[in-house]
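Engineer: Pasting a structure below so you can have a look.
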Number of protein chains: 2
Amino acid sequence: MINFRPIARVIAVLLMLIGGMMLFGIPFSLYYESGDFWALLNSGLISIITGGALWLIPIPGTTNIKKREGYLIVALGWLAMVTFGMLPYLLSGVIPDVIGAFFETVSGMTTTGASVLTDIESVPKGILFWRSLTQWIGGMGIIVLTVAIFPLLGIGGIELFVAEAPGPTSDKLHPRIRETAKRLWQIYVGLTGLLCIVLLIAGLDFYEAINHALTTMATGGFSTKNASMAYYDLPQVQYPIIFFMFLAGTNYTVIYFGLKGKFKNVWQSDEFRAYLTIVGLLAVIVTLAVHNNTDLSWEKAFRDSLFQIVSIITTTGFVSADYTSWGNALTMLFFVLLFLGACAGSTSGGIKLIRHLVFFKNSFLEFKRILHPRAVIPLKLNGQVVTGRILTHIIIFLLLYMILFVIGSIVVAALGLEFTTAVGATATALGNVGPGIGGVGPVDNFAWLSPPIKFVLSILMLLGRLELFTILVLFTPYFWKSN
Amino acid sequence: MINFRPIARVIAVLLMLIGGMMLFGIPFSLYYESGDFWALLNSGLISIITGGALWLIPIPGTTNIKKREGYLIVALGWLAMVTFGMLPYLLSGVIPDVIGAFFETVSGMTTTGASVLTDIESVPKGILFWRSLTQWIGGMGIIVLTVAIFPLLGIGGIELFVAEAPGPTSDKLHPRIRETAKRLWQIYVGLTGLLCIVLLIAGLDFYEAINHALTTMATGGFSTKNASMAYYDLPQVQYPIIFFMFLAGTNYTVIYFGLKGKFKNVWQSDEFRAYLTIVGLLAVIVTLAVHNNTDLSWEKAFRDSLFQIVSIITTTGFVSADYTSWGNALTMLFFVLLFLGACAGSTSGGIKLIRHLVFFKNSFLEFKRILHPRAVIPLKLNGQVVTGRILTHIIIFLLLYMILFVIGSIVVAALGLEFTTAVGATATALGNVGPGIGGVGPVDNFAWLSPPIKFVLSILMLLGRLELFTILVLFTPYFWKSN
Ligand SMILES: [K+]
Ligand SMILES: [K+]
């Protein structure tokens with residue numbers, strides 16, 4: 001028996017929340033006289049009233065949440081937010097078709113940043129602010145999910161590396177999680193505000209600064225400019241964005257330690273060290289290659305390279321330069337980077353480095369095990385032993401991810417995409433990155449794709465964002481069997 | 001301390017063996033007066049004399065073989081066979097450059113079947129016979145490795161599914177393995193002879209029949225015709241080839257049971273049932289798609305579809321039709337099929353179905369485990385429990401395979417290949433299939449690739465054929481540390 005009462009309660013709160021946030025676009029609408037006042041007001045009110053009504057409907061049940069209710073809250077909550085999040089686009093007529101609006105909203109809420117808008121700068125300012133806000137809301141949602149919900153559901157196998165301590169005991173679970181979530185939100189809000197100020201100092205106006213601050217900290221990548229970050233070809237804008245994208249891809253626990261001055265704890269994170277190393281190494285290699293293949297200056301080659309590496313690894317997806325114009329090798333490299341992801345416990349999407357680390361360390365140990373079959377050779381990460389149970393779960397995640405990539409590619413190819421575009425679109429959707437390769441490269445957008453392809457890519461974005469298992473488990477018989 | 005005596009002994013025998021087999025081309029050379037007599041004779045004698053000399057050199061050591069000697073025998077033995085196997089091409093001038101001859105020989109010995117020859121029909125008949133023979137020798141080598149060597153080395157994690165019984169006790173290991181290997185060789189030789197007769201009846205001359213019989217049973221795919229199997233556009237040729245390709249991809253233990261009339265044992269093999277099911281399902285889907293996308297008759301659409309599915313899944317690589325001309329979806333599908341492979345314990349290359357099965361079954365169970373974290377939910381295959389140790393090993397294999405695919409793709413892209421060709425060439429080399437997609441599709445060949453790319457693809461073929469670990473383990477520090 002599924003207990004629907006808590007599910008309805010959570011959805012009601014979520015709807016009222018996003019309804020309220022839609023209204024935040026109204027000041028911009030009025031200031032810029034962009035004519036989207038009524039669309040925003042109506043969308044906000046519809047969401048708030050629907051949420052309120054759902055709250056008031058007396059649904060029988062208890063407040064007791066078990067695993068199955070947990071999964072349904074995540075899946076249905078996300079669905080409700082996306083459904084109502086489409087309203088500003090539809091009511092304003094900015095995106096008149098439902099599939100297009102669905103794609104744009106899913107792309108926002110999942111912090112993917114793939115867009116069907118062909119002329120972003122002509123979109124009314126209030127709607128455009130809502131678009132940026134969908135990413136920021138999605139990023140906040142992911143922090144809650146990673147810290148509070150996924151560990152309870154046993155999703156992802158990365159719970160060990162997200163929490164600060166080995167694991168709370170069940171009786172003091174709630175206060176601790178609430179405390180942690182609150183702290184992380186403070187960091188999220190604080191960094192967003194800080195970036196906004198930095199961008200104001202760099203010369204952006206308030207509207208541009210707040211929009212880009214919101215979508216940077218969410219690793220979202222929506223821009224208010226058609227050329228994305230290439231519009232701001234200035235070191236004083238792009239270097240801060242690089243730094244904050246990097247922060248946004250860092251485990252929030254590590255940031256917390258950093259803010260507290262506990263740099264020893266920061267350095268003890270195997271994932272953070274790997275993150276720094278990978279970004280550093282790739283920056284050197286790609287800068288050399290870009291300087292060699294183009295006639296850019298060293299500074300510009302370095303800035304473009306570092307920007308695109310950090311943008312893709314953190315799955316932000318801002319575009320400062322077209323990496324598919326840098327030659328075959330770098331196109332291939334950036335395609336592979338679509339599968340990386342930054343740190344667990346951040347707003348970054350994709351596979352995430354911790355899973356790659358577990359896999360690589362264990363693969364290496366596997367050779368030792370082959371040579372010494374009787375020895376017990378455990379896998380350690382962050383100084384802790386990774387149990388066989390978690391190891392299996394992480395490895396299965398990696399393979400499921402690949403399978404979904406393969407199935408997704410076949411489906412979108414069957415729907416008409418040629419090879420490079422098909423794998424590029426699938427990889428970037430599943431990884432919540434934004435730009436891909438082929439016909440959905442950094443300087444293209446997703447408007448030209450057919451509605452069925454947009455729908456498939458939207459599903460892939462949701463699967464990727466919710467760590468695959470959360471959605472897939474709903475389609476297994478085990479879920480629906482009572483007990 | 002590595003004991004080099006047994007290593008040298010095995011290599012000596014291998015060299016004398018392949019030297020002797022080079023001479024088998026001489027009758028064809030004389031009969032067709034193709035002018036390659038001296039090239040074959042000299043190649044054969046050089047190999048035999050080198051092998052004989054190595055046998056006579058007194059190398060200190062015992063006959064004792066431990067794991068490390070086992071790995072070195074496999075790697076160095078393969079290397080020696082390839083090095084001397086190049087001689088007929090080089091001495092005859094058919095392939096004058098060393099990298100080209102290396103590629104063709106590796107492609108033969110690994111049963112890949114990718115070719116640098118642009119006009120196969122102009123190659124002297126004796127050399128061409130040697131080319132087919134390299135695949136047949138490679139296929140025979142793989143049977144020995146899978147049955148006798150890999151289980152001892154703990155490679156691949158598929159030992160459970162290859163041997164007939166749960167596992168021999170160590171004291172009676174040798175007689176049992178020798179017995180099994182002998183029986184499988186008899187099947188291999190017998191089926192090759194049978195196919196040769198069938199092709200003779202179908203109307204091929206003896207030379208064509210024996211060549212195609214050799215390369216079919218090895219799942220090799222070298223043809224004596226420029227158009228490969230599309231040259232023989234006849235049901236009475238192509239259906240038997242399909243049937244024998246399917247057999248060649250079947251676990252030899254299953255074939256043995258079939259020959260003994262023990263059909264219950266055949267049916268108990270989860271992998272064989274999956275093999276039949278996948279081929280059957282894909283045949284229906286692809287036939288419908290091909291009939292829809294082309295103006296072929298139903299029979300021809302079915303024959304071409306079934307032929308190409310079986311050819312790619314078994315990693316034979318014969319071409320009866322250009323699957324990249326069947327539209328985006330089927331191009332993508334056939335690209336994915338490059339990663340499948342048929343049954344373990346056959347001459348088929350690639351990942352092989354048993355590993356996919358282990359992964360899929362376990363992934364499915366993983367959802368059950370998430371919902372019931374306290375329950376012990378074991379994975380069973382062929383009625384046996386798959387231990388955590390073997391499961392980890394198989395999953396690591398799958399991921400290592402993907403990593404090698406990714407690294408290979410980046411390297412060949414860096415060497416100049418565009419995206420589709422890069423991933424196509426890497427996938428088909430690693431999977432020992434033959435044809436790929438893009439610039440190395442079914443109607444293309446590998447002659448146009450630069451020498452560095454040919455070298456990288458050759459390494460990938462060897463890695464794939466030797467189940468990754470066998471070669472990779474040599475590059476870990478664990479291998480070279482004494483004890
Ligand atoms: K993104
Ligand atoms: K082959």
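Engineer: Among (1) at pLDDT 90 or above; (2) farther than 23 Å from B:MET461 by Cα, where does B:PHE102 come up short?
Structural biologist: B:PHE102 satisfies every listed condition except (2).
Engineer: Please state which one of A:GLY424, A:GLY317, A:GLY327 is without any contact (Cβ under 8 Å) to a residue 60 or more places away in the chain and under 22 Å from A:SER228 (Cβ atoms).
Structural biologist: A:GLY327
Engineer: Before we move on, is B:VAL440 farther than 23 Å from B:TYR323 by Cβ and more than 16 Å from ligand 1 (Cβ to nearest atom)?
Structural biologist: no
Engineer: For region A:132-150: of the residues being among the polar types (S, T, N, Q) and within 12 Å of the chain's Cα centre (by Cα), which is farthest from ligand 1 (Cβ to nearest atom)?
Structural biologist: A:THR146
Engineer: Only one of these is closer than 13 Å to A:GLY350 by Cβ and either free of Cβ contacts under 8 Å to residues at least 60 places away in the same chain or β-branched (Val, Ile, Thr) (or both): A:VAL411, A:VAL433, A:VAL456, A:VAL406. Name it.
Structural biologist: Working: A:VAL411 fails: closer than 13 Å to A:GLY350 by Cβ; A:VAL456 fails: closer than 13 Å to A:GLY350 by Cβ; A:VAL406 fails: closer than 13 Å to A:GLY350 by Cβ.
Exactly one of A:VAL411, A:VAL433, A:VAL456, A:VAL406 is closer than 13 Å to A:GLY350 by Cβ and either free of Cβ contacts under 8 Å to residues at least 60 places away in the same chain or β-branched (Val, Ile, Thr) (or both), namely A:VAL433.
Engineer: Residues in region A:453-481 that are closer than 30 Å to A:SER320 by Cα and in a helix (DSSP H, G or I): how many?
Structural biologist: Number of matching residues: 13.
Engineer: Same structure, new question: B:GLY341: out of contact with any strand residue (DSSP E or B) (no Cβ under 6 Å at 6 or more places or on another chain), touching a residue at least 40 places away in the same chain (Cβ under 8 Å) and crowded, with 19+ Cβ neighbours inside 10 Å, yes or no?
Structural biologist: Answer is yes for this residue.
Engineer: So B:LEU195 clears everything in (1) farther than 17 Å from B:PHE28 by Cα; (2) more than 20 Å from the chain's Cα centre (by Cα); (3) among the hydrophobic types (A, V, I, L, M, F, W, C); (4) not assigned by TED's automatic domain parsing to the domain that holds B:PHE129 except one condition, right? Which one?
Structural biologist: Answer for B:LEU195: the failing condition is (2).
Engineer: Checking the conditions here, which among A:THR470, A:THR428 is within 13 Å of another protein chain (Cβ to nearest Cβ) and surrounded by 19 or more Cβ atoms within 10 Å (Cβ to Cβ)? Lay out the reasoning, then the answer.
Structural biologist: Values: A:THR428 fails: within 13 Å of another protein chain (Cβ to nearest Cβ).
Just one listed residue meets the conditions, A:THR470.
Engineer: Could you please let me know if A:LEU296 is hydrophobic (A, V, I, L, M, F, W, C) and either within 14 Å of chain B (Cβ to nearest Cβ) or part of a helix (DSSP H, G or I) (or both)?
Structural biologist: Values: hydrophobic (A, V, I, L, M, F, W, C): yes; either within 14 Å of chain B (Cβ to nearest Cβ) or part of a helix (DSSP H, G or I) (or both): no.
For A:LEU296, the condition - hydrophobic (A, V, I, L, M, F, W, C) and either within 14 Å of chain B (Cβ to nearest Cβ) or part of a helix (DSSP H, G or I) (or both) - is not met.
Engineer: Among the numbered conditions (1) touching a residue at least 24 places away in the same chain (Cβ under 8 Å); (2) away from chain A (no Cβ under 11 Å); (3) more than 23 Å from the chain's Cα centre (by Cα), tell me where B:PRO378 comes up short.
Structural biologist: Failed condition: (1).
Engineer: Being touching a residue at least 12 places away in the same chain (Cβ under 8 Å) and of a type outside the set (D, E, K, R) is the filter; apply it to region A:361-375 and report the residue that is farthest from B:ILE396 (Cα to Cα).
Structural biologist: So the residue we want is A:LEU365.
Engineer: Report every pair of residues separated by at least 6 positions or lying on different chains whose Cβ atoms are under 6 Å apart, first residue within region A:387-400 and more than 7 Å from chain B (Cβ to nearest Cβ) and closer than 14 Å to A:LYS361 by Cα, second of a type in the set (A, V, I, L, M) and part of a helix (DSSP H, G or I).
Structural biologist: A:ILE394/A:VAL358
Engineer: Just the residues that are under 17 Å from A:LEU14 (Cα atoms) and free of Cβ contacts under 8 Å to residues at least 40 places away in the same chain, please, taken from region A:32-51.
Structural biologist: Listed by number, the residues that qualify are A:GLY44, A:LEU45, A:ILE48, A:ILE49, A:THR50.
Engineer: Give region A:327-338 a look and list any residue that's outside any loop (DSSP other than H, G, I, E, B) and either under 26 Å from the mean Cα position of the chain (by Cα) or at pLDDT below 85 (or both), or say none.
Structural biologist: A:LEU330, A:THR331, A:MET332, A:LEU333, A:PHE334, A:PHE335, A:VAL336, A:LEU337, listed by residue number.
Engineer: Within the group B:GLY408, B:GLY341, B:GLY416, B:GLY345, which residue is in contact with a helix residue (DSSP H, G or I) (Cβ under 7 Å, 6 or more places away or on another chain) and either among the hydrophobic types (A, V, I, L, M, F, W, C) or at the interface with chain A (Cβ under 10 Å from one of its Cβ atoms) (or both)?
Structural biologist: B:GLY416
Engineer: Cβ-Cβ distance below 9 Å, separation of 6 or more or different chains: which pairs start in region B:106-123 with a residue that is within 16 Å of B:VAL440 (Cα to Cα) and end on one that is within 15 Å of ligand 2 (Cβ to nearest atom) and acidic (Asp, Glu)?
Structural biologist: B:ALA114/B:GLU104; B:SER115/B:GLU104; B:VAL116/B:GLU104; B:LEU117/B:GLU104
Engineer: Okay, next question. Anything in region B:350-367 that is modelled with pLDDT of 90 or more and away from chain A (no Cβ under 13 Å)? List them, or say none.
Structural biologist: Of everything in region B:350-367, those that are modelled with pLDDT of 90 or more and away from chain A (no Cβ under 13 Å) turn out to be B:LYS352, B:LEU353.
Engineer: Follow-up. Residues of region B:442-467 being within 14 Å of chain A (Cβ to nearest Cβ) and loosely packed, with under 15 Cβ neighbours inside 10 Å, which ones?
Structural biologist: B:SER450, B:PRO452, listed by residue number.
Engineer: Here is a list: B:ILE407, B:ILE354, B:ILE370. Which entry is of a type outside the set (Phe, Trp, Tyr) and within 21 Å of A:MET332 (Cα to Cα)?
Structural biologist: Result of the check over B:ILE407, B:ILE354, B:ILE370: B:ILE407.
Engineer: Mind checking which residues of region B:311-324 are away from ligand 2 (no atom under 12 Å from the Cβ) and in a helix (DSSP H, G or I)?
Structural biologist: Within region B:311-324, B:TYR323, B:THR324 qualify.
Engineer: Restricting to region A:112-131, name every residue that is within 16 Å of ligand 1 (Cβ to nearest atom), surrounded by 24 or more Cβ atoms within 10 Å (Cβ to Cβ) and within 22 Å of A:PHE206 (Cα to Cα).
Structural biologist: Passing the criteria: A:GLY113, A:ARG131.
Engineer: Moving on. Specify the residue that is farthest from A:LEU247 (Cα to Cα); the eligible residues are those in region A:262-306 that are over 25 Å from the mean Cα position of the chain (by Cα) and of a type in the set (D, E, K, R).
Structural biologist: Of everything passing the filter in region A:262-306, A:ASP295 is farthest from A:LEU247 (Cα to Cα).
Engineer: In region A:210-218, is there at least one residue being away from ligand 1 (no atom under 16 Å from the Cβ) and surrounded by fewer than 22 Cβ atoms within 10 Å (Cβ to Cβ)?
Structural biologist: No, region A:210-218 contains no residue that is away from ligand 1 (no atom under 16 Å from the Cβ) and surrounded by fewer than 22 Cβ atoms within 10 Å (Cβ to Cβ).
The values are calculated or read from the model by the stated rules, or taken from the named source; none is laboratory data. Source: prediction; values computed, not measured. Cβ coordinates were reconstructed from backbone atoms using ideal geometry, including for glycine residues, and neighbour counts include every protein chain displayed.
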